[in-house]
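Chemist: Below you will find the structure I want to go over with you.
Just so it is clear, none of the values below were taken in a lab; they were calculated from the coordinates. No experiment lies behind these values; they were computed from the predicted model shown. All Cβ positions, glycine included, derive from the backbone under ideal geometry; neighbour counts span all protein chains shown.
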Amino acid sequence: MAVFKCKMCGGTLEVNDNATVTTCEYCGTQQTLPRLDSSQRINLYDRANHFRRNNDFDKAAAIYEQILNEENTDAEAYWSLVLCRYGIEYVEDPATHKRVPTVNRTQFTSIFDDDNYKLALQYGDNYQRQIYEQEAKAINDIQKEILIISQKEKPFDVFLCYKETDQNGRRTPDSVLANDLYHQLTQENFNVFFARITLEDKIGTAYEPYIFSALLTAKVMVVLGTKPEYFNAVWVRNEWSRYLAFVKQSGGKKMLIPAYKDMDPYDLPEEFSHLQALDMSKLGFTQDLIRGIKKIVKTDKTETVVKETVAVNGNGNVRALLDRVEIFLEDSKWEEADRYCERILDQDPRNAYAYLYKLMAKEKVCKVEELVNNYGWQNKDEYKKVIRFGDDDLISTLKSYAEQAQNLHDIEMEKERNTHLEIAGDEYNAAYELMRKAQSESDLEKAVEMYEFAANRFKDCANEIRWISDSGFEDANKLMEICKKKADYTLGKFYMNERTINGYESAIKIFERISGFEDADELAEICRNDTIYVSAKSHMEERTIDGYKSAIELFEKIPDWKDSFTQISYCQGEMLSQLDKRKTQEAKQKNVISWIIIAVFIMFIIIICIIRM
């Protein structure tokens, strides 16, 4: 017996050493268990789970990696790394009081494609895999909703990262400094993410879509603080560590700026050591910060690029025509916008913004960021012309929107695929319920027909899904095969429950036909043993020596099955008892015959004596 902390609520669990799944008596959550083969491993898991429950995902992940360095086939450690990567926090549902996952570290990668998830399934047992797959589906559904919401949000220029409250729930000096900086930056026409204002109308569990969108789109993050522990606070670190990952992928198009006050800069997080930090107490801090932000953000890039294009071509009319196109787009006058774009291209055939506005008119969007809600424009000639003639900033922005549009399209397609599967799934569930409640052979036959009907629906569904997605979708075919096997499996159990020799023999044939499906092989072996057992019991009911002898021969074939060994002893005892009775009866019969012979002999003597007299 091992003592372990619940990974959901932290309650103490007492589990068997070989258990891989348990249910917490405090929060009622069924959960998987790691390999608890040593006190050191238990302590490592307790410590890592403590960090993860407190949303300190980086520290937790480091310990899980340490566990895997010692044992690289521990499924639970791989699954725990998945929870850290996606920032999974289990919160109590007020309606059901069950622990449900929330995502705090959204990724573009589906959880089903995560390498650690695949390794967790590879090394987990059947019970663990079942829970991993259920949890992964729930997490994937949540992440899809987050991506849909985040892609509809307007892009930010600056993300202010700071600690809002101290350990007593009071507002920190950092929050006041961030508030002042927010107003100064908005006066410079920057679109600023400031949690205190940006998230004021959102509930806590719904923050992630907006935080993710801001982290993804912001060109600059300012991390400000007055204490080392505020920079390393869980949620603050969660934001800036995620943003640093985006910085590395941006190719210099994103920047993180640490800003400190009333503290030693050497106490800043080690991850900031390569960055230029600013002292907020120094004169001119705000001006230096705004100047640095402008170098990255370039809020006036559209106007600047257009002016440069006009200057090169020496035609001031292009600027005016572009202004007209922008107004037409704002008013949803698509044909006029397209016509004016053609006029611009007649004068400047390499004007990237004319191609961009022409693309927007065709897609009927007023603002360029609205392109993310459409799909297919990435293949249009106008898009290719923008990529060909645009500058690096315009190309990078449009490619980002193209990637987001593709992701949103993939999500919608997956929803459509799932809808097709749900239709077939309804037939499957109806068949299952009828099969479960079957009271007669006619009910059973009807349920089997429904299973076969569901299998055909899954087959049709597979064809429809392949029409939707060129890559194909194998789940429907798999479910179709499962339906067929499930029908046989349930029919086999029905015959098995008759508890007759004919029933067992019919069940054996069915289970052998679906060998390898669920526990069919085990049930077939049970039926074989029960066939022998029932046959032996029928011989015992003859209550004859031959019957007991035949029963013993059968029971000896399955000596460890049920009470076969006891039944053998009973049969042997009954045989001895009947043999004793038979010997006694034979002895009595011999005595009677002997007395009869003696009596006859005496009478014979008497008759002879009478005759002689």
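Chemist: Specify whether the C-alpha gyration tensor of region 158-297 places it in the rounded, prolate or oblate class, a ≥ b ≥ c being the square roots of the eigenvalues: rounded for a/c under 1.5, otherwise prolate if a/b is larger than b/c and oblate if not.
Modeler: rounded
Chemist: Separate question: Percent of Cα-Cα pairs per 10 Å bin, from 0 to the last occupied bin, for region 312-398, please list those.
Modeler: For region 312-398, the pair-distance distribution reads 18, 54, 27, 1.
Chemist: OK, next. Mind ordering 68-75, 233-240, 341-348 by average Cβ neighbours within 10 Å, highest first? Spell out each step's value before the answer.
Modeler: Values: 68-75: 15.0, 233-240: 19.1, 341-348: 17.2.
Top of the packing list down: 233-240, 341-348, 68-75.
Chemist: Using label points projected 7 Å from each Cα along Cα→Cβ, tell me how many nm separate GLU229 and GLU92, to one decimal.
Modeler: That separation, rounded to one decimal, is 2.7 nm.
Chemist: Also, I was wondering about something else. Taking a virtual spin label 7 Å from the Cα of ALA277 along the C-beta vector, which residues in region 246-260 bring their backbone nitrogen under 12 Å of it?
Modeler: Zone members listed by number: 258-260.
Chemist: In nanometres, what is the gap between the two model label sites at ALA62 and GLU553, each 7 Å from Cα along Cα-to-Cβ?
Modeler: Those two pseudo-labels are separated by 7.4 nm.
Chemist: Now a separate question. So if each residue of separation counts as 0.36 nm, and I subtract the Cα-Cα distance between ILE148 and ASN179, what length gain in nm does that give?
Modeler: Gain on extension, ILE148 to ASN179, equals 8.2 nm.
Chemist: What length, rounded to one decimal in nm, is gained on full extension from ASP381 through to PHE112, with 0.36 nm per residue of separation minus their alpha-carbon distance?
Modeler: Extra length from ASP381 to PHE112 when fully extended: 93.4 nm.
Chemist: How high is the FRET efficiency between SER241 and GLU498 when r is their beta carbon distance and R₀ equals 56 Å, given to the nearest 0.05?
Modeler: For R0 = 56 Å, the calculated efficiency reads 0.35.
Chemist: Another question, then. Highest mean first, what order results for 134-146, 572-584 on Cβ atoms within 10 Å?
Modeler: Details: 134-146: 17.7, 572-584: 12.3.
Ranking the peptides 134-146, 572-584 by packing returns 134-146, 572-584.
Chemist: Assuming 0.36 nm per residue, please report the length gained on full extension of the stretch ILE545 to ILE605 beyond their Cα-Cα distance.
Modeler: Working it through step by step, the gained length comes to 17.2 nm.
Chemist: Compute the distance in nm between two label points, each set 7 Å from the Cα along the Cα-to-Cβ direction, one at SER538 and one at PHE285.
Modeler: Using points 7 Å along Cα→Cβ, the separation is 9.3 nm.
Chemist: Within 11 Å, Cβ to Cβ, of GLU525, how many net charges do the neighbouring residues add up to if Lys/Arg are +1 and Asp/Glu are -1?
Modeler: Numbers: positive: ARG528; negative: GLU512, ASP519, ASP521, GLU522, ASP530.
Charge balance in the 11 Å sphere: -4.
Chemist: Taking every pair of Cα atoms in region 2-145, average 1/r, invert it to obtain the Kirkwood radius, and report Rg/Rh to two decimals. List each step's numbers first, then the result.
Modeler: Numbers: Rg = 14.0 Å, Rh = 15.1 Å.
Rounded to two decimals, Rg over Rh is 0.92.
Chemist: Arrange the peptides 155-167, 190-202, 555-567 so that the one whose residues have, on average, the most other Cβ atoms within 10 Å appears first.
Modeler: Numbers: 155-167: 21.0, 190-202: 17.3, 555-567: 15.2.
Those peptides, ordered most packed to least, come out 155-167, 190-202, 555-567.
Chemist: Between ASN168 and CYS366, take the C-beta separation as r, use R0 = 56 Å, and let me know the FRET efficiency to the nearest 0.05.
Modeler: Rounded to the nearest 0.05, the efficiency is 0.75.
Chemist: Bin width 10 Å, origin at 0, all Cα-Cα pairs of region 76-223: what percent of pairs per bin?
Modeler: Over region 76-223, the share of Cα pairs per 10 Å bin runs 10, 32, 30, 19, 7, 1 percent.
Chemist: If r is the Cβ-Cβ distance from LYS137 to TYR266 and R0 is 30 Å, what FRET efficiency results, to the nearest 0.05? All intermediate terms of the calculation are to be shown ahead of the outcome.
Modeler: Working: r = 47 Å, r/R0 = 1.55.
After rounding, the FRET efficiency stands at 0.05.
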